[in-house]
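Take this structure, written in structure tokens, and hold onto it; I'll ask about it next.
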Amino acid sequence: MKRRTVIGLEIHVQLTALKTKLFCSCSADYRHSPPNTHVCPVCLGLPGALPVVNKEALRAAISVCLALNGRVADRLRFDRKHYFYPDMPKNYQITQYLEPICREGYLEIEYNGRTKKIRIRRMNLEEDPGRLVYPAGSPLHSPYSLVDYNRAGVALLEIVTEPDMESPEEARLFLEKLRSILEHLGVSDPSLEGAMRVDANISVEGGERVEVKNIGSIHEVERALMYEIVRQNSLLDKGVKPKRETRHWDPAHRVTIPARVKETEEDYRYMPDPNLPPVRIPAELVKAVAESLPELPDKRAERFVREYGLPRKTARVLVSRKLLADFYEDVVKMYGGDPRRAANYIVNDLLNWLKDYGIKALYSRVPPERVVKVLKLLDEGVISIRQAKELAEVIVKKGVDPEEYVKKAGYVKISDEEYLSRIVEEVFKEHPKAVRDALEKPKAVNFLVGMVMAKTRGRADPVVARRLVLRRLEELRARGASQTSSR
Amino acid sequence: MRLYTLPAWRLRWELVEGGGDPASYVEQVYERIRLFEKTLNSYITLRSMEEVVEEVEQQVREARRGAYKPLAGVLLAVKDNIAVEGLPNTCASRMLSKYIPPYTATVVERLVEAGAVVIGKTNMDEFAMGSTGETSAYGPTRNPWSINRVPGGSSSGTAAAVAAALATIGLGNDTGGSIRLPAAWTGLYGLKSTYGLVSRYGLVSYAESLEQIGPMTRNIMDLAVMMEAMAGFDPRDSTSLDYTPSRGVYTAAVERGEEGARLSVALLEDMVEHEAVSEDVRRVVYRAAEALEEMGAKVSREKVGRHVAYYALPAYYVIAMCEASSNLARYDNIRYGYREPPRPWEGWNTYYSRVRGEGFGREVKRRIMLGSWMLSAGYKDQYYVRALRLRRMVRDRLLSLAERYDVLLLPSAVTMPPRLGEAITDPVKLYMLDTVSVQANLSGLPALTVPAGKVRSIPLGVQLMARPLGEPRLFTAASMIATATGLHDLIAEPVG
Ligand SMILES: [Zn+2]
């Protein structure tokens, strides 16, 4: 029996593109830094230090809100959420409880050929806590733990959806869409470790809601949800009702495990932060942000269809990551050939091999020029479609220049006689003296063959080239003879 | 010359233009410290005289070269809940006994820029929670005018030090009367400014929506000079007002008062006749009203009503305790604190309970627990939210009065200072000492304490209040009272 599944998501997105933290001027780019080097009196919560809102964080939050079709709040207000935990310098988190910066947004996903709207309940701006480090790897085996406050105070957006998703795949599609929007807005790089963390709420018809906390990637979210559906359904099959609980995803073993049960419901004792009095969010600011919004994935896909004649599906794949879409457009510009051929090659061939390296391999490992070269080799008939496909693997895995590779690997096969005949024709026109020589001395033929090789940058099949040059010389001789005789 | 007796503005002149010797000024003050500090217990941290002499000389040199230093060489006592880089910042709590801040409060930075030199950090009620100075983990401070009595709190050490001339000027902070009450009991001028006029950056938070750092001096002109140096917008404090007083605006207001001015004054009758207010206090307030009239003011009688007179106090304590429970959550002894390492395998929860149990004193724990309870689900509406409503009512009422008059006149203390140990035993009795102080904090209005009489040779101050940013009016009125009564530059000679 198939039971209805309902899924809601809570996504924590670090605004990694900001130069500074949410309430102080420490650098927010803390990854790869020694512990506790990106700290100051404010983000360490030293007595007497006071928070000041980073205006860029407000702009970024507004841009995300608008991109998610949400309503921006009239004023910016912060509350304190109290709980004791060693990674929290003040033992309260500055967050937005009563008046989130954004409400009532939505995103559309394409699923099974139809468009589905996923509503967004709210989005709030808050500070990230620090990070606990266990010297023995896990809390159970460590006699003490260490705290790194580099992350403490980094601006975080918490995005909460309505329970509008019905399958792990929909959840994945939603998150992929969200990721691409964040990339296009340039507010966050979700591919950085810990920059996008997801809590998923899932309930299967007949059971209570289960929350799976702190899942680190989109792929893992889909896996965790699939696991939960199987787990909850099998409980229900046995007549056991899944209880309301919080679980953790263990990516190593691919299971969810129950979180430690608290005896009492946590009371966060929310109160407005007296250090951050509410400030009006000017309508002009919202307007200015709206006007400076970049082209977002949906619009960009539409443009790809219109401008490059791509099928909708291909366009959607390309805009699913900003880097990929940028890469595609760079290739199109440099290539000058058929944009559909470029799209097909990138989506169907290149992406396959990129999986092991991640999208970041574009540009760094695979410069667009190399893809352009492959496409040109293909257009010139130097390589076959099959060889082009092989080259996709080569340029990703080996990270080499396709032209050189082709030369070395002896792909050089311009044995296409029609094409080579055209080249021979050109060579003959450009070197009339050499042709006259060759008509007399057979040794001079080599020069003409050499010129054909040069014109094809060494890729012509020399045997075919020689044969064609000789044939052409024959023709000339024959014509010369007939002219003489007719005279 | 007895340089230590001079008000700051005169002292600056002596040192910079009159050829006074900076070193001998510092030595005189340290000599008084040697004589009286054992009795008074006004300092928690005192800097070495050599270091201080050097800095005073440096400041005076710069002023002589023409730098604008209205407080050149003046010794400043700083309450120990205000950060000064490199000096302990204990808040008179065991919890912070080993904490040394790596930064300096905006206000101290500005005063030092204006020429002042920090002499030390003063005793106080633990985390500013108390009205007598007796909740300090470093022992109580005594009133230099009568050493068996309290000086008032929570800025007890600054009050005693400035009153006994163990410093020339001082800094306190006022959450619910913590500057004005001790000023009233030690013959000092003290100002709780308009909320947001003085930066709180570097002030250890107790109840942020209520408190301000403020000056404490023996002379009204010094108060004005200090405020001109320290007040004004600070980008590091989001509650800071977008306003910076122009140079000379407060000192000019003091000078206006010396001549007398036609101010309209409202004597807040139901605050003076409040049953918590003693007969001694009433007499001094009426004396101050007369003094104002002598100097040209027109005094009318007004009633504030029950909300302001009676419900302000509980509303204040609810809000202050709720904010305190939040602000003091950070003291877990992990990043800073006192010497007490966790035991191996001790869970952080156990550790937190242990260090917070040992590190905080009784009154602090009482307020944290009450505040946590009043903020918790199910009680929040009944206490915190209701108190916020009352707060709005108190503010609206006082604002409408302050708009109609130049200044409001009321008591600054309900009684004369209690004897040591007298009030501290009963928390409610202790809280009642703030009956007339908390209104200014709830409403954000500026309020100033000015000495107006003596009762059995102990000076007693009264309180003036004005509309937001009405500090110049307060300075004028205080200056009028000072001129009429001659009660200024009082220096206590503690005996015992
Ligand atoms: Zn910082």
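Quick check on A:Glu110: is it among the acidic types (Asp, Glu), buried (at least 23 other Cβ atoms within 10 Å of the Cβ) and either away from every other protein chain (no Cβ under 11 Å) or under 28 Å from B:Ala329 (Cα atoms) (or both)? Spell out the reasoning first.
Details: among the acidic types (Asp, Glu): yes; buried (at least 23 other Cβ atoms within 10 Å of the Cβ): no; either away from every other protein chain (no Cβ under 11 Å) or under 28 Å from B:Ala329 (Cα atoms) (or both): yes.
Considered against the rule, which asks whether it is among the acidic types (Asp, Glu), buried (at least 23 other Cβ atoms within 10 Å of the Cβ) and either away from every other protein chain (no Cβ under 11 Å) or under 28 Å from B:Ala329 (Cα atoms) (or both), A:Glu110 comes out as no.
Tell me yes or no: at least one residue of segment A:276-283 is in contact with a strand residue (DSSP E or B) (Cβ under 6 Å, 6 or more places away or on another chain) and aliphatic (A, V, I, L, M). Quick ask: steps written out before the conclusion?
As a first pass, look at segment A:276-283 and keep what is in contact with a strand residue (DSSP E or B) (Cβ under 6 Å, 6 or more places away or on another chain): A:278-281.
So of that shortlist, the ones also aliphatic (A, V, I, L, M) come out as A:279, A:281.
Yes, that holds for at least one residue.
Let me confirm something: among B:Ala312, B:Ala291, B:Ala276, which residue is of a type in the set (Gly, Ala, Ser), closer than 28 Å to B:Leu430 by Cα and at pLDDT 95 or above?
Numbers: B:Ala291 fails: closer than 28 Å to B:Leu430 by Cα; B:Ala276 fails: at pLDDT 95 or above.
On inspection, the qualifying residue turns out to be B:Ala312.
Counting just the residues of segment B:383-415 that are among the acidic types (Asp, Glu) and assigned to a helix (DSSP H, G or I), which one comes out surrounded by the most Cβ atoms within 10 Å (Cβ to Cβ)? Outline the logic, then answer.
Step one: filter segment B:383-415 for residues among the acidic types (Asp, Glu), giving B:396, B:403, B:406.
If we keep only those that are assigned to a helix (DSSP H, G or I) as well, we get B:396, B:403.
Working: B:Asp396: 13, B:Glu403: 10.
Applying the filter and picking the extreme gives B:Asp396.
Could you look through segment A:137-153, keep only residues that are touching a Phe, Trp or Tyr at 6+ places or on another chain (Cβ under 7 Å) and within 13 Å of A:Glu126 (Cα to Cα), and pick out the one that is farthest from the ligand (Cβ to nearest atom)? Give the derivation first.
Kept after step one, since they are touching a Phe, Trp or Tyr at 6+ places or on another chain (Cβ under 7 Å), are these residues of segment A:137-153: A:142-143, A:145, A:150-151, A:153.
With the extra rule that they be within 13 Å of A:Glu126 (Cα to Cα), the set shrinks to A:151, A:153.
Values: A:Arg151: 11, A:Gly153: 6 Å.
The qualifying residue farthest from the ligand (Cβ to nearest atom) is A:Arg151.
Go through (1) surrounded by fewer than 23 Cβ atoms within 10 Å (Cβ to Cβ); (2) within 16 Å of the ligand (Cβ to nearest atom) and name the single condition A:Leu50 misses.
With respect to (1) surrounded by fewer than 23 Cβ atoms within 10 Å (Cβ to Cβ); (2) within 16 Å of the ligand (Cβ to nearest atom), A:Leu50 is out only on (1).
Just one of B:Val84, B:Val112 is within 19 Å of B:Arg200 (Cα to Cα), of a type outside the set (S, T, N, Q) and surrounded by fewer than 21 Cβ atoms within 10 Å (Cβ to Cβ); which is it?
B:Val112
This table checks each residue for (1) buried (at least 23 other Cβ atoms within 10 Å of the Cβ); (2) of a type in the set (Ser, Thr, Tyr); (3) in contact with a strand residue (DSSP E or B) (Cβ under 6 Å, 6 or more places away or on another chain).
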{"position": "A:Glu183", "(1), (2), (3)": "yes, no, no"}
{"position": "A:Ser188", "(1), (2), (3)": "yes, yes, yes"}
{"position": "A:Ser203", "(1), (2), (3)": "no, yes, yes"}
{"position": "A:Glu228", "(1), (2), (3)": "yes, no, yes"}
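Select, from A:Leu22, A:Leu50, the only residue that is closer than 27 Å to B:Asp80 by Cβ and within 14 Å of chain B (Cβ to nearest Cβ). Give the steps one after another, and end with the answer.
On the way: A:Leu22 fails: closer than 27 Å to B:Asp80 by Cβ.
After applying the criteria, what remains is A:Leu50.
Listed here are the residues, each with its yes/no results for (1) away from the ligand (no atom under 16 Å from the Cβ); (2) in a strand (DSSP E or B); (3) among the acidic types (Asp, Glu); (4) more than 14 Å from every other protein chain (Cβ to nearest Cβ).
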position	(1), (2), (3), (4)
A:Arg80	yes, yes, no, no
A:Phe84	yes, no, no, no
A:Ile94	no, yes, no, no
A:Leu98	yes, no, no, no
A:Gly105	yes, yes, no, yes
A:Lys117	yes, yes, no, yes
A:Pro129	no, no, no, no
A:Leu157	yes, yes, no, yes
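Now for a different question. Step by step: first the residues of segment A:12-34, then only those that are more than 25 Å from B:Tyr201 (Cβ to Cβ) and surrounded by fewer than 16 Cβ atoms within 10 Å (Cβ to Cβ), then the one that is farthest from the ligand (Cβ to nearest atom). Which residue is that?
Selected residue: A:His32.
Can you say whether A:Thr314 is over 30 Å from B:Leu388 (Cα atoms), of a type in the set (S, T, N, Q), touching a residue at least 12 places away in the same chain (Cβ under 8 Å) and in contact with a helix residue (DSSP H, G or I) (Cβ under 7 Å, 6 or more places away or on another chain), as far as the supplied structure shows?
On the way: over 30 Å from B:Leu388 (Cα atoms): yes; of a type in the set (S, T, N, Q): yes; touching a residue at least 12 places away in the same chain (Cβ under 8 Å): yes; in contact with a helix residue (DSSP H, G or I) (Cβ under 7 Å, 6 or more places away or on another chain): yes.
Taking the combined requirement at face value, the residue satisfies it.
Please return the ranges of helices (runs of 4 or more DSSP H) entirely within segment B:101-200 where 2 or more residues are within 14 Å of chain A (Cβ to nearest Cβ), out of contact with any helix residue (DSSP H, G or I) (no Cβ under 8 Å at 6 or more places or on another chain) and not basic (Lys, Arg).
Numbers: elements: B:106-113, B:156-163, B:180-186.
In segment B:101-200, B:106-113 are the helices (runs of 4 or more DSSP H) which contain 2 or more residues that are within 14 Å of chain A (Cβ to nearest Cβ), out of contact with any helix residue (DSSP H, G or I) (no Cβ under 8 Å at 6 or more places or on another chain) and not basic (Lys, Arg).
To keep it simple, each residue is scored yes or no on (1) charged (D, E, K, R); (2) surrounded by fewer than 21 Cβ atoms within 10 Å (Cβ to Cβ); (3) at pLDDT below 80; (4) assigned to a helix (DSSP H, G or I).
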{"residue": "A:Val332", "(1), (2), (3), (4)": "no, no, no, yes"}
{"residue": "A:Ala342", "(1), (2), (3), (4)": "no, no, no, yes"}
{"residue": "A:Gly358", "(1), (2), (3), (4)": "no, yes, no, no"}
{"residue": "A:Lys373", "(1), (2), (3), (4)": "yes, no, no, yes"}
{"residue": "A:Lys376", "(1), (2), (3), (4)": "yes, yes, yes, yes"}
{"residue": "A:Glu425", "(1), (2), (3), (4)": "yes, yes, no, yes"}
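Would it be correct to say that B:Ala207 is away from chain A (no Cβ under 14 Å) and closer than 27 Å to B:Glu422 by Cβ?
Numbers: away from chain A (no Cβ under 14 Å): no; closer than 27 Å to B:Glu422 by Cβ: yes.
No: the conditions fail for B:Ala207.
Here is a further query. Would you call A:Pro163 under 28 Å from A:Val64 (Cβ atoms) and either assigned to a loop (DSSP other than H, G, I, E, B) or touching a Gly at 6+ places or on another chain (Cβ under 6 Å) (or both)? Don't jump to the end; show me each part of the working.
Numbers: under 28 Å from A:Val64 (Cβ atoms): yes; either assigned to a loop (DSSP other than H, G, I, E, B) or touching a Gly at 6+ places or on another chain (Cβ under 6 Å) (or both): yes.
Here the answer is yes, as A:Pro163 does meet what is asked.
Checking B:Phe233 against (1) part of a helix (DSSP H, G or I); (2) within 14 Å of chain A (Cβ to nearest Cβ), which test does it fail?
With (1) part of a helix (DSSP H, G or I); (2) within 14 Å of chain A (Cβ to nearest Cβ) applied to B:Phe233, the lone miss is (1).
A:Ala171 is checked against (1) among the small types (Gly, Ala, Ser); (2) within 14 Å of chain B (Cβ to nearest Cβ); (3) more than 16 Å from the ligand (Cβ to nearest atom); (4) crowded, with 24+ Cβ neighbours inside 10 Å and fails just one. What number does that condition carry?
(2)
Okay, residues lined up against (1) more than 15 Å from A:Tyr270 (Cα to Cα); (2) within 13 Å of chain A (Cβ to nearest Cβ):
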position: B:Ser326; (1), (2): no, yes
position: B:Tyr352; (1), (2): yes, yes
position: B:Leu370; (1), (2): yes, yes
position: B:Gly378; (1), (2): no, yes
position: B:Tyr384; (1), (2): no, yes
position: B:Arg397; (1), (2): yes, no
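Note down all Cβ pairs under 6 Å where the first residue falls in segment A:31-50 and is in contact (Cβ under 8 Å) with a residue 60 or more places away in the chain, the second is away from the ligand (no atom under 13 Å from the Cβ) and among the hydroxyl-bearing types (Ser, Thr, Tyr), and they're at least six residues apart or on different chains.
A:Leu50/B:Tyr201
Exactly one of these conditions fails for B:Met321: (1) within 14 Å of chain A (Cβ to nearest Cβ); (2) more than 21 Å from the chain's Cα centre (by Cα); (3) not in a loop (DSSP other than H, G, I, E, B). Give me its number.
With respect to (1) within 14 Å of chain A (Cβ to nearest Cβ); (2) more than 21 Å from the chain's Cα centre (by Cα); (3) not in a loop (DSSP other than H, G, I, E, B), B:Met321 is out only on (2).
Name the residues in segment A:53-67 that are in a loop (DSSP other than H, G, I, E, B) and either away from the ligand (no atom under 14 Å from the Cβ) or more than 22 Å from A:Leu192 (Cα to Cα) (or both), would you? Give the derivation first.
Initial filter on segment A:53-67 (in a loop (DSSP other than H, G, I, E, B)): A:53-54.
Answer for segment A:53-67, where residues must be in a loop (DSSP other than H, G, I, E, B) and either away from the ligand (no atom under 14 Å from the Cβ) or more than 22 Å from A:Leu192 (Cα to Cα) (or both): just A:Val53.
Taking B:Gly177 as meeting all but one of (1) farther than 12 Å from B:Ala447 by Cα; (2) surrounded by 24 or more Cβ atoms within 10 Å (Cβ to Cβ), write down the number of the exception.
Of everything listed in (1) farther than 12 Å from B:Ala447 by Cα; (2) surrounded by 24 or more Cβ atoms within 10 Å (Cβ to Cβ), B:Gly177 misses just condition (1).
A follow-up question, please. When segment B:279-317 is examined, which residues are found to be over 17 Å from B:Pro451 (Cβ atoms), touching a residue at least 60 places away in the same chain (Cβ under 8 Å) and outside any helix (DSSP H, G or I)?
Restricting attention to segment B:279-317, the residues satisfying the condition of being over 17 Å from B:Pro451 (Cβ atoms) are B:279, B:293, B:296-317.
Still in the running and touching a residue at least 60 places away in the same chain (Cβ under 8 Å): B:296-297, B:299-300, B:302, B:304-305, B:307-308, B:311-317.
Result: B:Gly296, B:Ala297, B:Val299, B:Ser300, B:Glu302, B:Val304, B:Gly305.
Residue by residue, here is whether (1) hydroxyl-bearing (Ser, Thr, Tyr); (2) assigned to a loop (DSSP other than H, G, I, E, B); (3) farther than 30 Å from A:Arg300 by Cβ holds:
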position	(1), (2), (3)
A:Val187	no, yes, no
A:Arg197	no, no, no
A:Glu208	no, yes, yes
A:Asn214	no, no, yes
A:Tyr227	yes, no, yes
A:Arg231	no, no, yes
A:Leu236	no, no, yes
A:His253	no, yes, yes
A:Leu276	no, yes, yes
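The values are calculated or read from the model by the stated rules, or taken from the named source; none is laboratory data. None of these values were measured; they are calculated from a predicted model. No Cβ is skipped: glycine too gets one built from the backbone with ideal geometry, and neighbour counts run over all protein chains shown.
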